[in-house]
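Chemist: This structure is in structure tokens; I'll ask about it shortly.
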There are 2 protein chains.
Amino acid sequence: MKPGYVRPLDLKRGCVDMTHGAGGRAMVQLIAELFARHLGNEYLGQGNDGAVLPAPTISGKGGKLVMATDSHVVSPLFFPGGDIGCLSVHGTINDVAVMGATPLYLAAGFILEEGFPLADLARIVESMAKAAREAGVPVVTGDTKVVERGKGDGIFITTTGVGVLPEGRDIGGAKARPGDAILVSGNLGDHGVAIMSRRENLSFDAPIASDTAALHGLVAALLETGADIRALRDPTRGGLAATLNEIATQSGVGMILREKDIPVNPVVAAACEFLGLDPLCVANEGKLVCICADVDAERVLATMRAHPLGANAALIGSVSADDHHFVQLTTMLGGRRIVDWLAGDQLPRIC
Amino acid sequence: MKPGYVRPLDLKRGCVDMTHGAGGRAMVQLIAELFARHLGNEYLGQGNDGAVLPAPTISGKGGKLVMATDSHVVSPLFFPGGDIGCLSVHGTINDVAVMGATPLYLAAGFILEEGFPLADLARIVESMAKAAREAGVPVVTGDTKVVERGKGDGIFITTTGVGVLPEGRDIGGAKARPGDAILVSGNLGDHGVAIMSRRENLSFDAPIASDTAALHGLVAALLETGADIRALRDPTRGGLAATLNEIATQSGVGMILREKDIPVNPVVAAACEFLGLDPLCVANEGKLVCICADVDAERVLATMRAHPLGANAALIGSVSADDHHFVQLTTMLGGRRIVDWLAGDQLPRIC
């Protein structure tokens, strides 16, 4: 036995303490007994400061790298339909996928607060591992830091994803053109309302669960159709409103949406009314916005609806020529209003 | 003018507020006026959820990807010789470089605390930008989240690096063999003591500054010698003691160091004595540990010493056959002691 041997982690009653981030034996133990145990794969198992990874697609056929990062600070950590663990896997996979790339690898940086229960940490890491396994995108390297009690909030997780983009595929927020169709892959606002209802201790007749999901399979299905897809986005923070305003600005276009065609779960719509939220500004974590050539809209819609994550997909409007880059909504009553992105902070720490 | 126009950020007196992380107009403004302004490059400028990047070396010659991530929570944020900004760039570049890879791209995730002064944020982002520019490794994508006052500690930065590793190069902690030489590229303990002295408000006759630096140039110089390099590491948290114990465990070997040959700045040594620290356990942020074939040791040493970051490099010991995987030190007085890694937390939040 080496000097300084320590007992196995108490994953039932133990807590994170400052030694778990100090680079010594306790940190090595936390990595071995918790992170490696759940997330373990051949890359993470290399045990070096970084992971050495094959780059098969790139070496074979040319292509480009795609890299995306997302820090996750969602509160509460556990919510109906998910937790910060699976969310941090899905969120970054989606950021890579909406570039049209195939996500290959994830890195995860953990900032833990002293006193955080190891049982909660284990539950979160298990959830990450399950999400990564189901998505087929391994967590290949990681880092753990610990901050003193009161200097953090339980756990923050920053994930970074790397993917490959085939040569010639060019999808991005600056590609929308007047006349293009705008589609969403399903009901809007589920994630944000699930978080808010948990935070405010609200319950509804029908439970509202986060839609957190990895969208790369759905993206691949859309790309396989050969449709002329201009832009893909997952409308997270700021919801559909922020996403479409971003694209409108990047592309120098306007957009006109039809309120009647925008899918929102009636329970979510009622909750939004109660909470004073606009479902168009509420975060989603498993929905796709797709802008494509109008001629391909029906094909894209049919492909979305045939996918398990796109059952409620809808064609919700079209891109317009507009020097003001306004996103406008034709309301149920036939009027028009501007869909602005939020200036303030309707929903803090939603992801 | 679009509705909801906001005034330019007040970078002198302004503070981070919750809207800066909400996905709306305020966040877009923070990104444009602060992050993009300093860190801006063609990749960051794409403005999508991820960056599309060329993968030139890989497509041309085969090779592998290397990926490393590090969350930075150093306290204080500004310290002699550096700050959390440049540290977060150097730390991750070094993690990629010690794998023998050429660092290509960085991603950065920011977790900001409500109320954090924008002037400090700007200073930190400028420092990141300078470090990235000097290293030739751009920050290509990023993310910003804001947590409520009291739920963070000013700023945490998670950086992730991607690099390329030429086919056939195989460097790692599991490659050390009995008889190999152990070298360090310079004085140990500067970073940790600089942080601790600032934290404890100590001043010394001669100022002690952090050694924070990007080591990829030094690593490249060592690799160019053609020496048989088994393992490279930057001895950060836990210092040389943790790094060598990790390698000893991974490789299934022991190590014997000569105390008299281990370079420590006398002022740092005195400070360590005063603070009750062991310089071998104190973090470095710009030093390299190199384990190479004994026959190549002098060549590696000369190359280190010829490099600006290796002036005080030294040959400090050798790898031994030892089933216990002990790292041992022959002291100045001729005795031997075991150099264990820390079980506790000597220096919290050092990086």
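Yes or no, residue by residue, for (1) within 14 Å of chain B (Cβ to nearest Cβ); (2) within 30 Å of A:V73 (Cα to Cα):
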position: A:D278; (1), (2): yes, yes
position: A:G286; (1), (2): no, yes
position: A:L301; (1), (2): no, no
position: A:S320; (1), (2): no, no
position: A:Q328; (1), (2): yes, no
position: A:L342; (1), (2): yes, yes
position: A:P348; (1), (2): yes, yes
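Chemist: May I pose another question? Of all residues being among the small types (G, A, S) and more than 16 Å from the chain's Cα centre (by Cα) in segment A:110-135, which is surrounded by the most Cβ atoms within 10 Å (Cβ to Cβ)? Just the residue, please.
Modeler: Checking each candidate, the answer is A:A122.
Chemist: Let me ask something else. Please name all residue pairs, on different chains or six or more residues apart, with Cβ atoms under 6 Å, provided the first residue is in segment A:65-87 and is at the interface with chain B (Cβ under 8 Å from one of its Cβ atoms) and farther than 18 Å from B:M67 by Cβ and the second residue is open to solvent by less than 10 Å² (accessible area, probe 1.4 Å) and among the small types (G, A, S).
Modeler: Pairs found: A:H72/A:S88.
Chemist: Additional query: Do you know which residues across segment A:241-295 are polar (S, T, N, Q) and under 19 Å from the mean Cα position of the chain (by Cα)?
Modeler: If the condition is that a residue be polar (S, T, N, Q) and under 19 Å from the mean Cα position of the chain (by Cα), then A:T243, A:N245, A:N284 are the ones that fit.
Chemist: Would you say A:K145 is touching a strand residue (DSSP E or B) at 6+ places or on another chain (Cβ under 6 Å) and either among the hydroxyl-bearing types (S, T, Y) or outside the structural domain of A:P76 (by TED's automatic domain parsing) (or both)?
Modeler: So A:K145 does not fit the description; no.
Chemist: It is to be established whether one or more residues within segment B:251-267 are buried (at least 24 other Cβ atoms within 10 Å of the Cβ), within 12 Å of chain A (Cβ to nearest Cβ), among the aliphatic types (A, V, I, L, M) and in contact with a strand residue (DSSP E or B) (Cβ under 7 Å, 6 or more places away or on another chain).
Modeler: No, the conditions are met nowhere in segment B:251-267.
Chemist: Here's a follow-up. What number of residues within segment A:188-210 are in a loop (DSSP other than H, G, I, E, B) and in contact with a strand residue (DSSP E or B) (Cβ under 9 Å, 6 or more places away or on another chain)?
Modeler: Here the count works out to 2.
Chemist: Give the residues of segment B:136-151 that are in a loop (DSSP other than H, G, I, E, B) and either more than 22 Å from the chain's Cα centre (by Cα) or of a type in the set (K, R) (or both), sorted by residue number.
Modeler: Hits for segment B:136-151 are B:E148, B:R149, B:G150, B:K151.
Chemist: May I pose another question? Check whether at least one residue in segment A:53-68 is open to solvent by less than 10 Å² (accessible area, probe 1.4 Å), under 22 Å from A:P348 (Cα atoms) and touching a strand residue (DSSP E or B) at 6+ places or on another chain (Cβ under 7 Å), and report yes or no.
Modeler: Yes, segment A:53-68 has at least one match.
Chemist: Look at segment A:136-152 and say how many of its residues are in contact with a His (Cβ under 9 Å, 6 or more places away or on another chain) and open to solvent by 30 Å² or more (accessible area, probe 1.4 Å).
Modeler: Within segment A:136-152, residues that are in contact with a His (Cβ under 9 Å, 6 or more places away or on another chain) and open to solvent by 30 Å² or more (accessible area, probe 1.4 Å) number 1.
Chemist: A further question on this structure: Could you check segment A:153-186 and list, in sequence order, the residues that are open to solvent by 30 Å² or more (accessible area, probe 1.4 Å) and at negative phi?
Modeler: A:D153, A:P166, A:E167, A:R169, A:D170, A:A174, A:K175, A:R177, A:P178
Yes or no, residue by residue, for (1) within 10 Å of another protein chain (Cβ to nearest Cβ); (2) closer than 30 Å to B:V289 by Cβ:
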| site | (1), (2) |
| --- | --- |
| B:L30 | no, no |
| B:H38 | no, no |
| B:G47 | yes, no |
| B:T92 | yes, yes |
| B:V96 | yes, yes |
| B:G100 | yes, yes |
| B:Y105 | yes, yes |
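Chemist: Condition first: assigned to a helix (DSSP H, G or I) and of a type in the set (A, V, I, L, M). Now tell me which residues in segment B:224-269 satisfy that.
Modeler: Answer for segment B:224-269, where residues must be assigned to a helix (DSSP H, G or I) and of a type in the set (A, V, I, L, M): B:L240, B:A241, B:A242, B:L244, B:I247, B:A248, B:V267, B:V268, B:A269.
For (1) touching a residue at least 40 places away in the same chain (Cβ under 8 Å); (2) assigned by TED's automatic domain parsing to the domain that holds A:I208; (3) touching a Gly at 6+ places or on another chain (Cβ under 6 Å), each residue gets a yes or a no:
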site: A:P279; (1), (2), (3): yes, yes, yes
site: A:A283; (1), (2), (3): yes, yes, yes
site: A:K287; (1), (2), (3): yes, yes, yes
site: A:D296; (1), (2), (3): yes, yes, no
site: A:A302; (1), (2), (3): no, yes, no
site: A:N312; (1), (2), (3): yes, yes, yes
site: A:L315; (1), (2), (3): yes, yes, no
site: A:D322; (1), (2), (3): yes, yes, yes
site: A:V327; (1), (2), (3): yes, yes, no
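Chemist: Mind checking whether some residue in segment B:162-181 is assigned to a loop (DSSP other than H, G, I, E, B), away from chain A (no Cβ under 14 Å), touching a residue at least 24 places away in the same chain (Cβ under 8 Å) and not charged (D, E, K, R)?
Modeler: Looking for residues that are assigned to a loop (DSSP other than H, G, I, E, B), away from chain A (no Cβ under 14 Å), touching a residue at least 24 places away in the same chain (Cβ under 8 Å) and not charged (D, E, K, R), one finds at least one in segment B:162-181, hence yes.
Chemist: Name the residues in segment B:12-28 that are over 11 Å from B:T144 (Cβ atoms) and at the interface with another protein chain (Cβ under 8 Å from one of its Cβ atoms), would you?
Modeler: B:D17, B:M18, B:T19, B:G24, B:R25
Chemist: Counting only residues that are at pLDDT 95 or above and more than 18 Å from B:L188 (Cα to Cα), which one in segment B:200-218 is surrounded by the fewest Cβ atoms within 10 Å (Cβ to Cβ)?
Modeler: So the residue we want is B:G217.
Chemist: Right, another one. Residues being open to solvent by less than 10 Å² (accessible area, probe 1.4 Å), farther than 21 Å from B:T243 by Cβ and not hydrophobic (A, V, I, L, M, F, W, C): count how many of those fall in segment B:69-97.
Modeler: Result for segment B:69-97: 1.
The values are calculated or read from the model by the stated rules, or taken from the named source; none is laboratory data. The model shown is predicted, which means the values in this text are computed figures rather than measured ones. When we count neighbours, we look across all protein chains shown, and the Cβ atoms used for this are built from the backbone with ideal geometry, even at glycine. Ligands, DNA and RNA are excluded from the accessible area calculation, which covers all protein heavy atoms including side chains. Shrake-Rupley method; radii C 1.70, N 1.55, O 1.52, S 1.80 Å.
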